[in-house]
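Step one of this worksheet: look at the structure below.
The values are calculated or read from the model by the stated rules, or taken from the named source; none is laboratory data. Owing to the predicted nature of the structure, the values given are computational and were not obtained by experimental measurement. Cβ coordinates were reconstructed from backbone atoms using ideal geometry, including for glycine residues, and neighbour counts include every protein chain displayed. The protein model used for the area step is the full one, side chains on, heavy atoms only, and it has no ligands, DNA or RNA in it. Shrake-Rupley method; radii C 1.70, N 1.55, O 1.52, S 1.80 Å.
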Amino acid sequence: ALRVRGAGGGLVPREAGPVLDVEFCWARRRRRRWIGRLFGRADDAARCRAALSRWTAGTGLVPRPEGAGGGASFRLEDLPAAVGHLLETATEHAGVERGAAALAALSALSRCRRAYHGGTSGGGRAGREVVSARPAMLPADVLARVVGTVDCIAEHGWLGTNPDSVDGLPSLHVNIVTAGVPKYRDVACDDADATSLGRCVRSIFDAIEPHVYGELLPAVRERAGSDTVAVSEVFIRTYGSRDGDGDGAGGGRHGLSEHYDVSSFATCVVALEGAPAAGRGGLYTVPRGPGPDGAVSNHPALRQYFPLSPGDGVVHTWDVLHGVDIDPGTRRSSLIVWFVDFGGTPETHRDGPPPWLAHPADDDHVAQFVLATALGAEAPDALPLLCRSASAGNSFAQTRLGFLCDGDDPLSPRDLRRIADALARTGHDTAGAAEAVAAG
């Protein structure tokens, strides 16, 4: 229910009308820090007020005094700390009113959809975690031609249903370019009375080719400072129902969970339809937390949605955490372009992980996690990378290690000791784990 106001990061109501106005500060570890002002829609006002009021009682969060001046604004960079404190409270006080109040406050924050407010997110490494806007990338006539063709593909049941690599659900996409080669490039499109998947794909490629290869590719090369950047994959994703009933009965997906693009150096996402220009749904990112460690999280309260109108695009590097979430009863489609940069190395000489993932720095827990993901669980280097990332506090790597420990394939005593050591470096008491490993 929120949108960003100006460069200062203040938040104002998305629509006019009664609002909830709650001001509070955070006092923790002998510090007081204003988190600022929250605004909510009138229909959520009672729920938000009750949740925050219950939580502030005895938790270190106290209401701002009446008549206090200063005009503090809600800074989005403060939100990760607030969410982290709420999560700790909910965990430490599970089953009692204090923990329930923290969960209710997290629920209220998660319903507040915020628009993306920055140009570059995260730790600020050179050439890393870059987000670049590409407004009006596709003109209206191209959009109409592509969306109409996608509708035709969906009506004929030609959307791909193979399991998606992110969540294992049907992908509901159509490939336009694969491994750098346009699909169905030998298919003629001069027979207007005949319809086939090949003709549809060729029609889409012909419509987008000058914009992808003539405009977007040179821009990405310039931004990356490399003339060996190349287009690897081009495909279209669909979300929601495309059968006209708008209720998802046609089997459409309504989102894509947070992930990193391990197979591309950079990705461009272009909204084709159903794009919320105000940044209240669709493609989102979850920026890393402040500070040199740059904590990562996939909590819904931290999502920032890209404000894209149909035809607008956004380019991001591989290390930008992102996902998709659309409201029920809506539909959306996107053109996705993956870029790779192998430095001109011939495909027959490429061995090992791609160069943008290889050799992560010792203090780069995100790159370590992404490389481990790209290598796969069976690779001998994957577990050491996950342990290094987890010991630096990367929550995704810690979760992955938990799944490995609870999996069907037993881990060796050496691997279990390595995981226990990684947990110990994060401050956890692993004495019991060490004894269990020693006992076999």
Assign one of three labels to segment 252-363, namely rounded, prolate or oblate, based on the Cα gyration tensor with a ≥ b ≥ c the square roots of its eigenvalues; rounded applies when a/c is under 1.5, prolate when it is not and a/b is larger than b/c, and oblate otherwise. oblate
In nm, spacing of pseudo-spin labels at Thr178 and Arg223 (7 Å Cα→C-beta vector): 2.7
Rounded to the nearest 0.05, FRET efficiency between Arg111 and Ala140 (Cβ-Cβ, R0 45 Å) equals 0.85
Ignoring ligands, DNA and RNA, what percent of the accessible area of segment 295-440 is carbon or sulfur (1.4 Å)? 53
Potential lengthening between Tyr213 and Thr426 on full extension [0.36 nm per residue; Cα-Cα distance subtracted]: 72.0 nm
Put Asp167, Asp227 in order of accessible area, largest first, probe 1.4 Å, and you get Asp227, Asp167
Give me the Å³ per residue figure for the convex hull around the C-alpha atoms of segment 351-396. 64
Taking +1 at the Cβ of each Lys and Arg and -1 at the Cβ of each Asp and Glu, which of Leu371, Gly329, Gly343 sits farthest along the dipole of segment 282-382 towards its positive end, judged by Cα position relative to the Cα centre? Gly329
Could you tell me the accessible area of Leu371 in Å² (1.4 Å probe, neighbours in place), rounded to the nearest ten? 10
Where in segment 163-240 are there GluC sites (Glu not before Pro) that are in a DSSP coil and have at most 13 other Cβ atoms within 10 angstrom of their Cβ? none
Starting from the Cα coordinates of segment 343-425, work out the convex hull volume and express it per residue in Å³. 96
